[in-house]
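Reviewing the structure listed below.
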Amino acid sequence: MRLIEVVAGRAGVGKTRELLSRIAALCKSDPLGEPLILIVPDQYAFTAEKRLLQMSEGGAVTRVSVETFTRLAYRAKQLLGKANVPLVRGPGRHALIAAAYEVAYPSLTRLRRSNPTPQFLARIGKLIEECQTSLVDEDCVRRIGHAEQAELRGKLTDALQILDAYRHLIADKMTDRHDLLPLLAEGIKRRRLLVGAVFLDGFLGYTPQEFAILEQLFENSTQLTMTYSGPASYLTPRIESRTHASLAQAAETGGQLFRLLSRFSERGARVTDLDLPVINPPRFLKSPVLKNLEAVAFGEYERLLPSAKSDRASTSLVVTHAPHRRAEVEDVISRLLFLRESEDLAWSDLMLITTNPRDYASLLSTHLEEAKIPFFLDRRRPLLHHPLARAILSLLSLQEDSLASRALVGLLKTDLLPFTRAAVDAFENDWIETGVTVREWLAKERVSSRAPRSLYDFKRSLDSFVSSVSRGGVDAQTLVERMDQFLVEMRVFDLLAKRVEHDRAAGKRLDAQFHEQAATEIAQLFEDLTYAFGDSVKPLSEWETLIRAALATVHAGNVPPQADTLIITDPSRLRGNEAKHVCVLGCDDANFPPIHREDDVLSDLEREWLRTFGIFIGPSALKRQSFERDRFYALATRATDSVAFSYAQSDERGRKRSPGEYLRELKQALCADLIERDLGVLENAEWLAETTRFRSPAAMARQALLWMQNSSQRTFGETFEAELQQMGYAGLMLDLTHPRTAKSEQLARDLANRLYGTSLYVSVSRLERHAACAFAHFGSDGLKLQPRKTVDVDALLKGQFLHEVLHLYTTWQQAQDPFPAFEQAHAKMEEIIAAQMERQFPFAETASAATRLNRRQLRARLLRSHAALYEHDVRSAYKTAETEVLFDEGATLPPISIRLGDGELLKIRGRIDRIDLAFLGERMYFRVIDYKSRPRAVDLLRMYLGLSLQLPVYAHVIEAASEALFHAPSQFAGMYYVPVYDPLSELKRDEEAALSLRKPIRFRGLGLANRDVLQLLDRNLPAAKDLFPQMLTKTGIHTNAMVVSAEVWRALREHTLKKASELARSMVDGVTAIAPYQLKQERACQNCNLQSVCQFEAHFDERQMRVFKSIAKDDVIAQLNVVALDVREVQ
């Protein structure tokens, strides 16, 4: 009789211990019995083998085989007669996918790109992998019969065509690892594989391929025992228990297992619930605080135990906030060193989890090596940037660039050839000056007694390669042989081996491993190309595309774990790991939880559609977001003694960060059970030993500076400073406190005039940029430094597309009499968007995935904004008078001209998005509308400081040119920002549902302090508060309303012109100081693209920052009243 058992339970109840103890008992009772197979995830295999050997006292060596699905697939390949067929490795797979894409290109429709980028090909490779692991075939495509899903059918059809081309390329030559799991399922079905007792542990979920294997195990294994990480209630027919589950992935897996258990219930399939007999889970016996932490992570607040905050419990849950990531890492290392020494622990008793390994990998590796802590960090870097990869691509580029010298310079600058960098620079300068090509250089002085031997050898080897590799076509075997010959002759591999030895001797294990794996991965790539293509001839350009695509998507550099090693992992890789103490880094609002973005090839809506047809391809962004709760639960339940969460209050660009959503939830629910620490404040002298255990001089100096900024902590800082002096690092504190920022001297007046001109001709945004930071203005508007261009929705919204659509619609609406109904207006807006989309994004059927995503998001935002603007127009007394009003030379209105003195002139130009007019009796009032891609409030203080001049300048232009525009004088009534923004679409909600919610988007701005004039904004005021922030009460104007009197408006107008002239004079005087502003939590550097140029760091360069005091609105008005008084006295 077959035994099928699922051991279910929440974290900490001992599922893994129960499974391993059963295996150990079987091994002790009969060491030479039938083989036992334990299947675990790839990342858990090493830990599982180690724990099993410890529990069985070595008895598991002879009887138990610890396997993963990947290992089993290799075994299936051998048993099914394909042992001699090589596997496609990572680099080769990417190159072959690129080749398959070219083969299938003529028949593609939805995934067709004329010039696909390596990133796009990598995404195609990911889609192909999803199709393989999800068992997508032609039958799946035929199930999608709805006409409205033609695009989705086209994408899947294209993907299957590329997959067929890929399989044809490797047919009878190689095997893909993703095609091996179906072979494994077939082997189990034939009773040739896994016929004994099988155990599964550590899986959070299963791919369709893995689930097919699980079905065969249920059907054919003599004994199957598996763990399930979730409550047994998820394995019951009560669907509502899974529908409203806090752990979405566990609930989804539970539903799949329930269907399997139902099918095999007659064969003795059963569920063992370890939650029932367990009151206090074994993992949390030492600390009730950690039991409460598990309950909060699971979402069951009713199970919280009363606070028991003893000395022991108080250290079980710690939350630390650091000023920046470096301080956060140094504090965590100090904690690890303290715990290991004070409790005599092994490194394997400690675990470090990073929510975002990419942000912390470099800091962790540097500081852990400095602290001499053995660690395992899966830090994999792109292979494309390795010197060996660059050397190969430069070789291939020589012919493609018609033997131009720039490719040869790229080859020499890899530092893998026997030339110094000074010699390479000399070669480059000579080639630039003479314009010589590689062929001419090879022919010149081919043999010279004065030339160094290395140069002679290099010319000979390069000439041999260039001569033997034809640009028109070459086969894979010849290409690989010639490249390998060149690299061997130039001793590239010998030099790389010396670099590995040097890095290993210097303690840089990760760098040494990266170099070793780079050579291995590239060798495997060459081998796969030779196997797959053999003697087939391709143009050199195609070979370069294939190899570049492979190198761009392959990563290398991980170091295998050792027996006693600090494990550094991330939430997605936690499988059965357990430690006494766990530290979690990066618990800020950007990473805890992280935000998942929608795929640009298969959208979320398309993925959900596929699930309705029973095609379980990769999850959507919304579903991946819901799975983050499972990750949080996993990391919160790994410790037996203590968990320490930490986050940095600013990121690498100086942007403010706050605690993440999960951390805020913990602090709120367990406020009585946790200790919260600020690294700048030592509240308890007992913390000193833990905080200062990492005795690196630089870390000590930074910690001392942090304490000395607080008067109550100054004594600790001075103690550290004295220790540094005794250690011989007296100048280290001075180095850290000295500004690191690049110097930017003031330009000479004649140089500034040559750069900007004697008469400034500027936009308002340029004045605001100079007010924020003079260096930012100098870099962007003087030196014309620009970041690398990217295409995103916000950039498009700020461009011509947004204004053109709204201008066309508003012009149409002005001509309608009577005012159109919403359905008619909505249809017209749809028509305008479609027409402009066709102009902006032609060839929609073959557009890139990013472009199609931009189209959808633009449409959703514009339609959402239209619904809000329509509501404003219906309820407001204002009517649109003009749109897209340009004030400039030769335009409708002239630019603003201000004399600066010494014959210098300032001219301000710009474009006003929209002007609305309303009448109150005989008086005509105007308001200025400016469209923004994000919600923005008008801040009177920012206007006063010159940081926000746009709306006051526009209002001044309209007021001065009212006669020319409207043939009558008009008075200022307000100026408002209107966000063209759809928050619902950013939350990945259904587009139609978003459009059906016509909740208006608020106008935010500054109005005239006149109740009758404010009433013109919305006839429903003061009762309604949906179109504007609260402005009116039943008897007057609300005290918090953003309004000013007519006198203050005139003063603000005069102050704006005065501020503009001051900023212009600063430009003309050549001011380029690196002195960004700070106002409350806002800093100029937050949205600046030039930080890599100025090297300004807010934490170390605060003396150069212009800190503006936050002044209340009434105080700003008082200052403007002084200006108004001065204006009246002048008049």
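Considering only residues that are more than 39 Å from the chain's Cα centre (by Cα) and in a strand (DSSP E or B), look in region 1-36 and name the one that is farthest from Leu574 (Cα to Cα).
Checking each candidate, the answer is Leu3.
Residues checked against (1) within 30 Å of Tyr878 (Cα to Cα); (2) modelled with pLDDT under 75; (3) not in a helix (DSSP H, G or I):
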| site | (1), (2), (3) |
| --- | --- |
| Glu721 | no, no, no |
| Pro739 | no, yes, yes |
| Thr758 | no, no, yes |
| Ser765 | yes, no, no |
| Arg769 | no, no, no |
| Ser780 | no, no, no |
| Asp794 | yes, yes, no |
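Within region 935-963, can you find the residues that are touching a residue at least 40 places away in the same chain (Cβ under 8 Å) and closer than 23 Å to Ala877 by Cα?
Narrowing region 935-963 to residues touching a residue at least 40 places away in the same chain (Cβ under 8 Å): 935-938, 940-959, 961.
If the condition is that a residue be touching a residue at least 40 places away in the same chain (Cβ under 8 Å) and closer than 23 Å to Ala877 by Cα, then Ala937, Val938, Leu951, Pro952, Tyr954, Ala955, His956, Val957, Ile958, Glu959, Ala961 are the ones that fit.
Could you please find all residues in region 572-618 being of a type outside the set (A, V, I, L, M, F, W, C), touching a residue at least 24 places away in the same chain (Cβ under 8 Å), under 25 Å from Gln857 (Cβ atoms) and part of a helix (DSSP H, G or I)?
If the condition is that a residue be of a type outside the set (A, V, I, L, M, F, W, C), touching a residue at least 24 places away in the same chain (Cβ under 8 Å), under 25 Å from Gln857 (Cβ atoms) and part of a helix (DSSP H, G or I), then Asp604, Glu606 are the ones that fit.
Can you pull out the residues in region 551-571 that are in a loop (DSSP other than H, G, I, E, B), surrounded by fewer than 22 Cβ atoms within 10 Å (Cβ to Cβ) and either of a type in the set (S, T, N, Q) or at pLDDT below 70 (or both)?
Asn558, Val559, Pro560, Pro561, Gln562, Ala563, Thr565
How many residues does region 619-659 hold that are crowded, with 19+ Cβ neighbours inside 10 Å, within 24 Å of the chain's Cα centre (by Cα), outside any helix (DSSP H, G or I) and of a type in the set (Lys, Arg)?
Residues flagged as crowded, with 19+ Cβ neighbours inside 10 Å, within 24 Å of the chain's Cα centre (by Cα), outside any helix (DSSP H, G or I) and of a type in the set (Lys, Arg) within region 619-659 amount to 1.
Leu398: assigned to a helix (DSSP H, G or I), buried (at least 19 other Cβ atoms within 10 Å of the Cβ) and modelled with pLDDT under 85, yes or no?
Working: assigned to a helix (DSSP H, G or I): yes; buried (at least 19 other Cβ atoms within 10 Å of the Cβ): yes; modelled with pLDDT under 85: yes.
Criteria met by Leu398.
Inside region 908-938, can you point out the residues that are outside any strand (DSSP E or B) and out of contact with any Lys or Arg (no Cβ under 9 Å at 6 or more places or on another chain)? Write out each step before concluding.
Filtering region 908-938 down to residues outside any strand (DSSP E or B) leaves 921-922, 933-938.
Gly921, Glu922, Arg934 - these are the residues of region 908-938 that are outside any strand (DSSP E or B) and out of contact with any Lys or Arg (no Cβ under 9 Å at 6 or more places or on another chain).
Among all residue pairs at least 6 apart or on different chains, which show Cβ distances below 6 Å where the first residue, located in region 134-163, is assigned by TED's automatic domain parsing to the domain that holds Leu602 and at pLDDT 85 or above and the second is surrounded by fewer than 16 Cβ atoms within 10 Å (Cβ to Cβ) and assigned to a helix (DSSP H, G or I)?
No pair meets every condition.
Select, from Ala955, Ala960, the only residue that is surrounded by fewer than 19 Cβ atoms within 10 Å (Cβ to Cβ), under 22 Å from Arg766 (Cβ atoms), outside the structural domain of Leu802 (by TED's automatic domain parsing) and among the aliphatic types (A, V, I, L, M).
Numbers: Ala955 fails: surrounded by fewer than 19 Cβ atoms within 10 Å (Cβ to Cβ).
The unique qualifying residue is Ala960.
Please work out which residue is modelled with the highest pLDDT, limiting yourself to region 911-952 and to residues that are surrounded by fewer than 18 Cβ atoms within 10 Å (Cβ to Cβ) and among the aliphatic types (A, V, I, L, M).
Met924
Output the number of residues of region 382-393 satisfying the condition of being modelled with pLDDT under 85 and crowded, with 19+ Cβ neighbours inside 10 Å.
At the first step, the residues of region 382-393 found to be modelled with pLDDT under 85 are 382-385.
Add one more test, that the residue is crowded, with 19+ Cβ neighbours inside 10 Å, and what stays is 383.
Counting residues in region 382-393 that are modelled with pLDDT under 85 and crowded, with 19+ Cβ neighbours inside 10 Å gives 1.
Among (1) charged (D, E, K, R); (2) closer than 18 Å to Ala389 by Cα; (3) modelled with pLDDT under 80, where does Arg471 come up short?
Answer for Arg471: the failing condition is (2).
Just to check your reading of the model, which residue among Leu152, Leu180, Leu127, Leu111 is crowded, with 21+ Cβ neighbours inside 10 Å, out of contact with any strand residue (DSSP E or B) (no Cβ under 7 Å at 6 or more places or on another chain) and part of a loop (DSSP other than H, G, I, E, B)?
Working: Leu152 fails: part of a loop (DSSP other than H, G, I, E, B); Leu180 fails: part of a loop (DSSP other than H, G, I, E, B); Leu127 fails: part of a loop (DSSP other than H, G, I, E, B).
After applying the criteria, what remains is Leu111.
Could you check region 1073-1097 and list, in sequence order, the residues that are at pLDDT below 80, part of a loop (DSSP other than H, G, I, E, B) and not acidic (Asp, Glu)? First the steps, then the outcome.
Filtering region 1073-1097 down to residues at pLDDT below 80 leaves 1081, 1086-1087, 1091-1092, 1095-1097.
Adding the requirement that they be part of a loop (DSSP other than H, G, I, E, B) leaves 1081, 1095-1097.
Scanning region 1073-1097 gives Gln1081, Gln1095, Phe1096.
Does Leu169 satisfy being assigned to a helix (DSSP H, G or I) and either at pLDDT 85 or above or touching a helix residue (DSSP H, G or I) at 6+ places or on another chain (Cβ under 6 Å) (or both)? I'd like the intermediate steps shown before the answer.
Working: assigned to a helix (DSSP H, G or I): yes; either at pLDDT 85 or above or touching a helix residue (DSSP H, G or I) at 6+ places or on another chain (Cβ under 6 Å) (or both): yes.
It is true that Leu169 is assigned to a helix (DSSP H, G or I) and either at pLDDT 85 or above or touching a helix residue (DSSP H, G or I) at 6+ places or on another chain (Cβ under 6 Å) (or both).
Among the residues that make up region 58-69, is at least one of them in contact (Cβ under 8 Å) with a residue 40 or more places away in the chain, part of a helix (DSSP H, G or I) and surrounded by 16 or more Cβ atoms within 10 Å (Cβ to Cβ)? Reasoning before the result, please.
Let us first name the residues in region 58-69 that are in contact (Cβ under 8 Å) with a residue 40 or more places away in the chain, namely 64, 69.
If we keep only those that are part of a helix (DSSP H, G or I) too, we end up with 69.
If we keep only those that are surrounded by 16 or more Cβ atoms within 10 Å (Cβ to Cβ) as well, we get 69.
Yes - at least one qualifying residue is present in region 58-69.
The values are calculated or read from the model by the stated rules, or taken from the named source; none is laboratory data. Note that the structure is a prediction, hence the values are computed from the model and not measured. Positions of Cβ are backbone-derived with ideal geometry, glycine not excepted, and every protein chain shown enters the neighbour counts.
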